[in-house]
């Protein structure tokens, strides 16, 4: 397997996001449609059912800098959330507490991050954590 | 590291030894499937005298599928969108393994000389191209001046 360069990987990710080829429970896209560097993305996670997050929609920001995908993106919740891997001060997802970022692989993408965060939200340990008021942001 | 198919080695050698006028394509040292490309705007077009940078990648199944190509230089053209993605039949359904990097780059250069607003990728640009061609061409010229003429 050859290594797909950053920009072409991100173009593929964008296409999946634009065509909504990924799961219904998440979405993502570029913040600026003319950002030729494809650095700043927004994402949403639909709260998993049978959890405190059910029917809530969480917004996130995802930054894919020049070192992506050799290194993981920088991921932050915009919507307030209580999760062990999220810094309660600013909503940033802490790499050392979230294995998808800590054990990052080149084949992962924005979609992987959002789906794995959603699994965290639904995990038995986290699904009943008291949450900040719906609609509040960092 | 997987070895590079003979076909890609041959194409690359020929791009260097027998370059296409107005087009250069240089592979990255650390990824021989990834090329830095520069295309001169065709004379007589609004892109004349501009140098447009692109990037090109040969996926694993090349030449069974087309190269991936994108403009890095901003360009005002009805078949090229704000992210530099190109709408061109030979990059999509009309790709054939008989085509090559060089023929694809020539097709892109030809597309600069012959915009096709009836098969648009950038809708606003295509609308302007159809409703006020003179203004669209003036905008394309001024973008060329602004973005495609930086020193190097």
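Every number in this text was worked out from the coordinates using simple rules, so none of it is lab data. None of these values were measured; they are calculated from a predicted model. Note: ideal-geometry Cβ built from the backbone for every residue, glycine included; neighbour counts use all protein chains shown.
Worth a mention:
- Helix-derived mean residue ellipticity, 222 nm - over chain A, DSSP H n ≥ 4, -39500 (n - 2.57), to 500: -6500 deg cm²/dmol
- Extending 7 Å from the Cα toward the beta-carbon at both residue A:125 and residue B:134 defines two label points whose distance is 7.0 nm.
- The C-alpha atoms of chain B define a longest principal axis, and helix B:6-17 lies at about 60 degrees to it.
- Highest mean packing comes first when the peptides A:67-76, B:67-76 are listed by Cβ atoms within 10 Å, giving B:67-76, A:67-76.
- Cα centroid of the stretch B:99-127 to Cα centroid of the stretch A:1-51, whole Å: 26 Å
- FRET E, pair residue A:25, residue B:94, Förster distance 35 Å, beta-carbon r, rounded to 0.05: 0.40
- Within the stretch A:60-88, backbone nitrogen closer than 13 Å to the virtual label 7 Å beyond the Cα of residue A:42 toward Cβ: A:60-62, A:78-79
- For the stretch A:6-122, relative contact order (Cα pairs under 8 Å, six or more residues apart, normalised by length) works out to 22 percent.
- Cβ-Cβ distance of residue A:18 and residue A:105, R₀ of 22 Å, FRET efficiency by 1/(1 + (r/R0)^6): the value works out to about 0.40.
- Over every Cα atom in the protein assembly as shown, the radius of gyration and the widest Cα-Cα span, Dmax, amount to 22.2, 68 Å.
- Look at where the Cα atoms of the stretch B:34-54 and of the stretch A:53-72 average out, and the two centres are 35 Å apart.
- A simple spin-label model places the labels of residue A:52 and residue A:97 1.4 nm from each other, with each point 7 Å out along Cα-to-Cβ.
- Adding -39500 (n - 2.57) for every DSSP H run of four residues or longer, then dividing by how many residues chain B holds, sets the calculated 222 nm ellipticity at -10000 deg cm²/dmol.
- Principal-axis tilt of helix A:6-18 within chain A, Cα atoms, nearest 10 degrees: 50 degrees
- Average partner coverage of A:5-13, which counts Cβ from other chains inside 10 Å: 4
- Anisotropy class of the stretch B:76-152 from Cα gyration tensor, a/c 1.5 cut: oblate
- With all pairs of separate Cα atoms included, the stretch B:6-147 yields a Kirkwood hydrodynamic radius of 15.5 Å.
- Crossing angle, helix B:101-113 versus chain B [Cα axis fit, 0-90 degrees, rounded to tens]: 0 degrees
- Residues residue B:124 and residue A:67, FRET efficiency given R0 of 35 Å [Cβ-Cβ distance, rounded to 0.05]: 0.55
- Computed over chain A, Kirkwood Rh from alpha-carbon pairs, angstrom: 15.3 Å
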